[in-house]
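A.B. asks: Have a look at this one before I ask anything.
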Amino acid sequence: MSVQASPTLFMASASAAVAALSDVITFKRVARLGEDALRRPTGSEMWARAVHLCLRAAARGRRGFTSKADPQGSGRVTGELIQHLERLSLVDFGSQEAVARLEKAIAFADRLRAVNTDGVEPMESVLEDRCLYLRSDNVVEGNCAEELLQNSHRVVEEYFVAPPGNISWSKLDEKQPFPHH
Amino acid sequence: MAAPMLRWCCPGRRFAFARVGCGSCHRRGPPTGSTSNGKRGQSTVAQQPHITAQKPRKGEREWAAVVGLEIHAQIASNSKLFSGSQVHFAAPPNSLVSFFDASLPGTLPVLNRRCVEAAVMTGLALDCHINRKSLFDRKHYFYADLPAGYQITQQRLPIAVNGSLAYSVSVGRKPSQMVTRTVRVKQIQLEQDSGKSLHDDLRSQTLIDLNRAGIGLLEVVLEPDMSCGEEAATAVRELQLILQALGTSQANMAEGQLRVDANISVHRPGEPLGVRTEVKNLNSARFLARAIDYEIQRQINELENGGEILNETRSFDYKLGFMPEPNLPPLLLYDSGSLPPGADPQQVIDIDRLRERLPELPRVTRERLVRQYGMLPEHSCALLNEVGLLEFFQSVIKETRAEPKKVTSWVLNTFLGFLKQQNLAVSESPVTPSALAELLDLLDRKAISSSAAKQVFEELWRNEGKTPAQIVAEKKLELLQDLEALEQLCRSTLEAHPHVVMDLKRGNPRAINKLIGLVRKATLGRADPTAIKEVLERQLSS
């Protein structure tokens, strides 16, 4: 599925992982530690964010999650939270279906909490044992304005024209909070 | 943490509204001048611009202001922080942009060694602790000039922490009454700059130029140890001088290489700190102090009128998503003790070696000038305050035999005066150090008088290609060297003006000046007044 706006490496892989029909998300290390040990990123917020991005695709009418998880009574998503999320991600949660999907996705991701990570250092990067390569300060790139500008839908005199994609704050305020149960 | 209360740190403000933030009385008073471009809380009182300072009223309690700064300095490097595209100020739009800068999929960041060295050197210059291990993070927010949707920064574990920056403020009316203050440096971190957005109002669209996107920035966070606009501006100026001396940034505010965000709050002394507001993207040195003072005054007025300070940006802040940058392993730095043996020198950074190679810092330079040339501290400040002036001064000193004090005086008064009058930079000066050195030599040899020297200087400024010696010859400005002729002139003057002589003999000391003046006129201004006086006195007493 395609993810819009800012597909970061991490998010893309996370979304793919979550959307995949697997219960366990594996990293390279897991095999060494044994089946039950899972390294968990710091904070469940990060996973919730991964879920947001997945949901964006879902909200656009693509196929939803075939989630095996039951909503674990982690609570309904309140209207306030929806507004907050909309501001954060600039995604328009325009339908009840979208909210329901969001709740399911959060419940699905919440299953990570079942893993016991006491005394386990959070891994932030699979590259943590690698050496950070230092590049020497030479100019080797650039000068490809024409090529880059071809990627843009609209161009004015070698400037990119910013897409009207970002919902402006004022527009967000004008919207009625989405009524839900 | 209460702000230090100062007596009088903002003498002679150009825009006279009530004194704020500097320890003397803080009163309510209408803010003046134009508003800054920062975000503001709601103001419920409309004010008329009003330019008088109000007299302190008895019994009114004081306010203390607290100012913290976040300073972004563009690193002076050839290429960007994470890509190999060029760093340059003016270039055709989007011509200095690589695929990574444009955030095309499949591109990865590769750290620029020069930027790391710049950060370490700046950290060392500010007495920071350099973290041997630092981490990169992503700060997510949506804006058209941030194509990736996130900025790579160092929020969790920056490269340098816990330093200090010392600066001098004047605490009296005399420029010599200076006091050193320190502001703590919370941290220094490496981060990416964003692109530039230009708003086209006519067609109601935003145009994006990514030339600036990805340029390395040093973010220097200063703790809220400052208490008014002047302190903040002085601290920023000192940081600017340090960065320029290190060569880590050109720190030119006008070109956007140094940008300052100020966090400001006010409170009653002894009470907890107030709500802070942020004034963002100050990019003019002159404007900085004014904008901060304006905001302080606005907050005071607001609170005294019973209102409250609202912070719009604060609510936006905690929403920003931070996550570790997964494409960059931790940045490890070494010192001579911990260098891994046989390591590729290109791939390791030795903090001790960088420390050894640190150039002389402004503070040290000023102290050295005072010691070496016997000048006053404010002179050394003035020499460092103008780009290129110190080099000019040192060139002149090298070539002339005149006393350093003379050179200092000529450079700071005459030379700088002429520059300022015509709004020129030192590099644009029509007078070269050699020319000034030659002129000062003539003065030193007593070949010309000081008033003649000033005339020669004016001629030199016209830049007609003549040397000082030529000008002196042309305008016949040489001092009368012929003592005989001088004696004769004095004698004839004395004879011609017997009443003045009598006046002098009767005890009027000022009469001698009249005589000196007469002799000078007779010599067509080519005689040194002191020499004349000497001869006259000798002749009169005989």
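A.B. asks: Given the structure, is B:V183 under 20 Å from the mean Cα position of the chain (by Cα) and either crowded, with 23+ Cβ neighbours inside 10 Å or assigned to a loop (DSSP other than H, G, I, E, B) (or both)?
C.D. replies: It is true that B:V183 is under 20 Å from the mean Cα position of the chain (by Cα) and either crowded, with 23+ Cβ neighbours inside 10 Å or assigned to a loop (DSSP other than H, G, I, E, B) (or both).
A.B. asks: Given B:A148, B:A102, B:A119, which one is buried (at least 22 other Cβ atoms within 10 Å of the Cβ) and closer than 29 Å to B:Q240 by Cβ?
C.D. replies: That would be B:A119, the only listed residue that is buried (at least 22 other Cβ atoms within 10 Å of the Cβ) and closer than 29 Å to B:Q240 by Cβ.
A.B. asks: Let me ask something additional. Any idea which of B:L384, B:L376 is farther than 26 Å from B:G123 by Cα and not aromatic (F, W, Y)?
C.D. replies: Result of the check over B:L384, B:L376: B:L376.
A.B. asks: Return the only residue of B:K174, B:K133 being within 14 Å of chain A (Cβ to nearest Cβ), surrounded by fewer than 22 Cβ atoms within 10 Å (Cβ to Cβ) and modelled with pLDDT under 95.
C.D. replies: B:K133
A.B. asks: Name the residue, out of B:Y294, B:Y334, that is hydroxyl-bearing (S, T, Y) and surrounded by fewer than 20 Cβ atoms within 10 Å (Cβ to Cβ).
C.D. replies: Going through B:Y294, B:Y334 in turn, the sole match is B:Y334.
A.B. asks: Can you run down the residue pairs with Cβ atoms below 7 Å, 6 or more apart or on separate chains, where the first is in region B:93-115 and within 7 Å of another protein chain (Cβ to nearest Cβ) and within 19 Å of B:I349 (Cα to Cα) and the partner is surrounded by fewer than 17 Cβ atoms within 10 Å (Cβ to Cβ) and among the polar types (S, T, N, Q)?
C.D. replies: B:R113/A:S136
A.B. asks: Quick one: in region A:139-162, which of the residues that are within 22 Å of B:T107 (Cα to Cα) and modelled with pLDDT under 90 is farthest from the other protein chains (Cβ to nearest Cβ)?
C.D. replies: A:H153
A.B. asks: I need a count of the residues in region B:186-206 that are in a strand (DSSP E or B) and either without any contact (Cβ under 8 Å) to a residue 40 or more places away in the chain or among the polar types (S, T, N, Q) (or both).
C.D. replies: Qualifying residue count for the region: 10.
A.B. asks: Here's a follow-up. List, please: which pairs have Cβ atoms under 7 Å, are six or more places apart or on different chains, and start with a residue in region B:357-384 that is under 17 Å from B:S176 (Cβ atoms) and end with one that is aromatic (F, W, Y)?
C.D. replies: Going by the 7 Å Cβ cut-off, the qualifying pairs are B:L383/B:F393.
A.B. asks: Count, please, the residues in region B:419-431 that happen to be part of a helix (DSSP H, G or I) and touching a helix residue (DSSP H, G or I) at 6+ places or on another chain (Cβ under 6 Å).
C.D. replies: Of the residues in region B:419-431, 1 are part of a helix (DSSP H, G or I) and touching a helix residue (DSSP H, G or I) at 6+ places or on another chain (Cβ under 6 Å).
A.B. asks: Criterion first (within 30 Å of A:V156 (Cα to Cα) and crowded, with 22+ Cβ neighbours inside 10 Å) does B:G216 satisfy it?
C.D. replies: Yes.
A.B. asks: Being at the interface with another protein chain (Cβ under 10 Å from one of its Cβ atoms) and in contact with a His (Cβ under 6 Å, 6 or more places away or on another chain), is that true of even one residue in region B:320-337?
C.D. replies: Within region B:320-337, one or more residues are at the interface with another protein chain (Cβ under 10 Å from one of its Cβ atoms) and in contact with a His (Cβ under 6 Å, 6 or more places away or on another chain).
A.B. asks: Name the residues in region A:95-134 that are charged (D, E, K, R), surrounded by 15 or more Cβ atoms within 10 Å (Cβ to Cβ) and farther than 26 Å from A:V77 by Cα, would you?
C.D. replies: Passing the criteria: only A:E124.
A.B. asks: Under the condition of being outside any helix (DSSP H, G or I) and among the polar types (S, T, N, Q), which residue from region B:449-475 is surrounded by the fewest Cβ atoms within 10 Å (Cβ to Cβ)?
C.D. replies: Taking the candidates together, the pick is B:N463.
Yes/no per residue for (1) in contact (Cβ under 8 Å) with a residue 24 or more places away in the chain; (2) within 14 Å of chain A (Cβ to nearest Cβ); (3) not aliphatic (A, V, I, L, M):
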| position | (1), (2), (3) |
| --- | --- |
| B:V220 | yes, no, no |
| B:E238 | yes, no, yes |
| B:T248 | yes, yes, yes |
| B:A251 | yes, no, no |
| B:H267 | yes, no, yes |
| B:L273 | yes, no, no |
| B:N283 | yes, no, yes |
| B:Q297 | yes, no, yes |
| B:N301 | yes, no, yes |
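A.B. asks: State the number of residues belonging to region B:339-350 that are closer than 22 Å to B:Q189 by Cβ and either among the charged types (D, E, K, R) or away from chain A (no Cβ under 14 Å) (or both).
C.D. replies: 1
A.B. asks: What number goes with the only condition from (1) in a helix (DSSP H, G or I); (2) crowded, with 18+ Cβ neighbours inside 10 Å that B:R286 does not pass?
C.D. replies: For B:R286, the failing item is (2).
A.B. asks: Still on this model: Determine, yes or no, whether A:P177 is more than 30 Å from B:L331 (Cα to Cα), more than 7 Å from chain B (Cβ to nearest Cβ), in a loop (DSSP other than H, G, I, E, B) and modelled with pLDDT under 95.
C.D. replies: yes
A.B. asks: Determine which member of the set B:L479, B:L536, B:L515 is in contact with an Asp or Glu (Cβ under 9 Å, 6 or more places away or on another chain), buried (at least 18 other Cβ atoms within 10 Å of the Cβ) and closer than 27 Å to B:D444 by Cα.
C.D. replies: Result: B:L479 is the single residue among B:L479, B:L536, B:L515 that is in contact with an Asp or Glu (Cβ under 9 Å, 6 or more places away or on another chain), buried (at least 18 other Cβ atoms within 10 Å of the Cβ) and closer than 27 Å to B:D444 by Cα.
A.B. asks: Here are some residues: B:D225, B:D200. Which one is of a type outside the set (S, T, N, Q) and surrounded by fewer than 17 Cβ atoms within 10 Å (Cβ to Cβ)?
C.D. replies: Residue meeting the stated conditions: B:D200.
The values are calculated or read from the model by the stated rules, or taken from the named source; none is laboratory data. Not measured: the values here are computed from a predicted model. Please note: Cβ atoms are built from the backbone with ideal geometry, for glycine as well, and neighbour counts cover all protein chains shown.
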